[in-house]
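What follows is a single structure, written as structure tokens, with notes after it.
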Amino acid sequence: MKIPFLSFDHINAPIKVELSNAFNDFINSGWYILGDRLKTFESEYAQYNGTKYCAGVGNGLDAIIIALKACNIGPGDEVIVPSNTYIATWLAITNVGATPIPVEPRVETYNINPDLIEEKITSATKGILPVHLYGQSCEMDKIMAIANKHNLFVIEDNAQSQGATFNGKMTGSFGHINATSFYPGKNLGAYGDAGAITSDSEELIEMCKVIRNYGSRIKYFNEIKGFNSRLDELQACLLSIKLKHLNEMNSLRIEVAQKFNESLKNVGDLILPVEAVGSKAVYHLYVVRTKMRDKLQKHLSEKGIGTLIHYPKPPHLQEAYSELNYKIGDFPIAEEIAETCLSLPIYPGLNDEQINYISNQIKEFYNA
Ligand SMILES: *Cc1c(COP(=O)(O)O)cnc(C)c1O
């Protein structure tokens, strides 16, 4: 049996006609950038996410960069960030000229350990950038309490967790300003690059809208040096269609995760995902850990099963960050996760036969 790591078939099939109708209307509209389709999606996504405002931007990396800029975070400032995130989170901080201050995750949840944040706060600290990794919320109650005590901005990276909650509240609605990505493979994926910023602050979102559009509020008058990073009308109208199905698609992911949790319990040295108290995950990824990761990945590949590693090298050991002079051993939890993690296929439409096949091939690996 061949099982790809990711398939969009089940997500696209029921909305194909709706998508092509929207595409035709979009072509005929003659308005392709910053129009009514974007405004509509922005208000729909803000409402879905439980925030007052939303600004659509070109991609998830730009969303974090623009959010940081709106908070006036730049050279000389420090931003606290997990040691085990996707590189984009760090890139956003260094792109605005600030310094990433890594904090280790809890090894059980893979999310930033709030108990380790306060010791990293200095007079230069301006913000905390928690990442809801793999589809699970960080412990936002503790993080917000620390931020309020020290008067810091919280900028959530919600790229992997659209629809996840902590104590019943949506990720992307806790921080002062929050960023997300609609990269095709995310839980809410566009048909190309797209991203968004959410906030309850009208002032911050207005500033993001100025930054995304050349630093201009009034055409040809530029108050700051901005970017060109707008969410296309085309992606906006397709995202509006997909947003209506997001909760249902997230439920299907959760069902797959529960089936893996059952069938992979007590198999070999496998460590399965753990949800923190109060957190309801949406399983962007289903990540297991094993000391035999590379061998297991090879075995599954030989059996036709696609897997990926999120991520094989933590940011502090990347060549791009050699200037920070970190070395192996500086963030041992992030390094251990990088050496042992393996993402199994998980997406809406992954059926029982496929889930059983994957589980059985994993059991066979450990029995051999
Ligand atoms: C995907 C992702 C991003 C970046 O999003 P893009 O749209 O690809 O730029 C940032 N942070 C995390 C955690 C992500 O998974």
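Dividing the summed -39500 (n - 2.57) terms of all DSSP H runs of n ≥ 4 by the residue count of the chain sets its mean residue ellipticity at 222 nm at -11500 deg cm²/dmol.
Label sites at Asn24 and Lys225, each approximated as a point 7 angstrom past Cα along Cα to Cβ, lie 4.7 nm apart. Shape summary of region 246-367, radius of gyration then Dmax from alpha carbon positions: 15.9, 49 Å.
In Å², what does the accessible area per residue of region 109-155 work out to with a 1.4 Å probe? Present the calculation step by step, with values, prior to reporting the outcome.
Details: 1690 Å² over 47 residues.
On a per-residue basis, region 109-155 sits at 36 Å².
For region 353-368, the Karplus equation 6.51 cos²θ - 1.76 cosθ + 1.60, evaluated at θ = phi - 60°, returns couplings of 4, 5, 4, 5, 4, 4, 4, 5, 5, 5, 4, 4, 4, 6, 6, 6 Hz by residue, with Gly and Pro reported as x. For region 213-222, putting each phi into the Karplus relation 6.51 cos²θ - 1.76 cosθ + 1.60 with θ = phi - 60° gives couplings of 10, 6, x, 10, 9, 10, 3, 6, 10, 10 Hz, in residue order, rounded to whole numbers and with x for Gly and Pro.
Taking the protein heavy atoms of region 246-367 in the context of the full set of protein chains, the accessible area attributed to carbon and sulfur is 50 percent at 1.4 Å.
By the rule of a C-alpha distance below 17 Å, with chain neighbours fewer than 8 residues away ignored, the aspartates and glutamates paired with Lys120 are Asp77, Glu78, Glu104, Asp330.
Using a probe of 1.4 Å, the accessible surface attributed to Val256 totals some 10 Å² when neighbouring protein chains are kept in position. Averaged per residue, region 296-344 has 51 square angstrom of accessible surface, using a 1.4 angstrom probe with ligands and nucleic acids left out.
Among 192-204, 333-345, the peptide with the highest mean count of other Cβ atoms within 10 Å heads the list, and the full ranking is 192-204, 333-345.
Segment Asn12..Lys298, full-extension length gain: 100.0 nm, with 0.36 nm per residue of separation and the alpha-carbon distance subtracted. What is region 127-278 by shape, rounded, prolate or oblate, if you read a ≥ b ≥ c off the alpha carbon gyration tensor as root eigenvalues and call it rounded for a/c under 1.5, prolate for a/b larger than b/c, and oblate otherwise? It is oblate, given that a/c is not under 1.5 and a/b is not larger than b/c.
Using the 1.4 Å probe convention, the accessible area of region 5-96 works out to 45 Å² per residue with neighbouring protein chains retained. Scalar couplings 3J(HN,Hα) for region 176-193, obtained by applying the Karplus form with A = 6.51, B = -1.76, C = 1.60 to θ = phi - 60°, are 5, 7, 9, 10, 9, 10, 10, 3, x, x, 6, 4, 10, x, 8, 10, x, 7 Hz; x denotes Gly and Pro.
Compute the Cα gyration tensor for the chain, then decide on rounded, prolate or oblate, letting a ≥ b ≥ c be the square roots of its eigenvalues: rounded whenever a/c is under 1.5, prolate when a/b is larger than b/c in the other cases, and oblate in all that remain. Oblate. Annotation note: GluC sites (Glu not before Pro) in region 104-141 located in DSSP loop regions with a Cβ neighbour count of at most 14 within 10 Å are Glu108.
Distance between the C-alpha centers of region 310-368 and region 150-181? Whole Å please. So the two Cα centres are separated by 24 Å. Would you please state which residues of region 340-356 a label at Glu364 would reach in this model, taking the label point 7 Å out along Cα→Cβ and a backbone N cut-off of under 12 Å? The answer is none. Sorting 53-62, 355-364, 17-26 by average packing, meaning the other beta carbons within 10 Å per residue, from highest down gives 53-62, 355-364, 17-26. Listed cross-link partners Lys52/Lys259; Lys2/Lys186; Lys39/Lys280; Lys69/Lys142; Lys142/Lys313 are compared with a 31 Å cut-off, the Cα-Cα value being larger for Lys52/Lys259.
Note on the chain: with charges restricted to the Cβ of Lys and Arg (+1) and Asp and Glu (-1), its dipole about the Cα centre is near 380 debye. The accessible surface of region 82-210, taken with every protein chain in place and a 1.4 Å probe, is 50 percent carbon and sulfur. Straight-line cross-link reach from Lys16 at under 14 Å between alpha-carbon atoms covers no aspartates and glutamates, not counting any fewer than eight positions away in the same chain.
The values are calculated or read from the model by the stated rules, or taken from the named source; none is laboratory data. Because the structure is a prediction, the values reported are computed rather than measured. When we count neighbours, we look across all protein chains shown, and the Cβ atoms used for this are built from the backbone with ideal geometry, even at glycine. The protein model used for the area step is the full one, side chains on, heavy atoms only, and it has no ligands, DNA or RNA in it. Shrake-Rupley method; radii C 1.70, N 1.55, O 1.52, S 1.80 Å.
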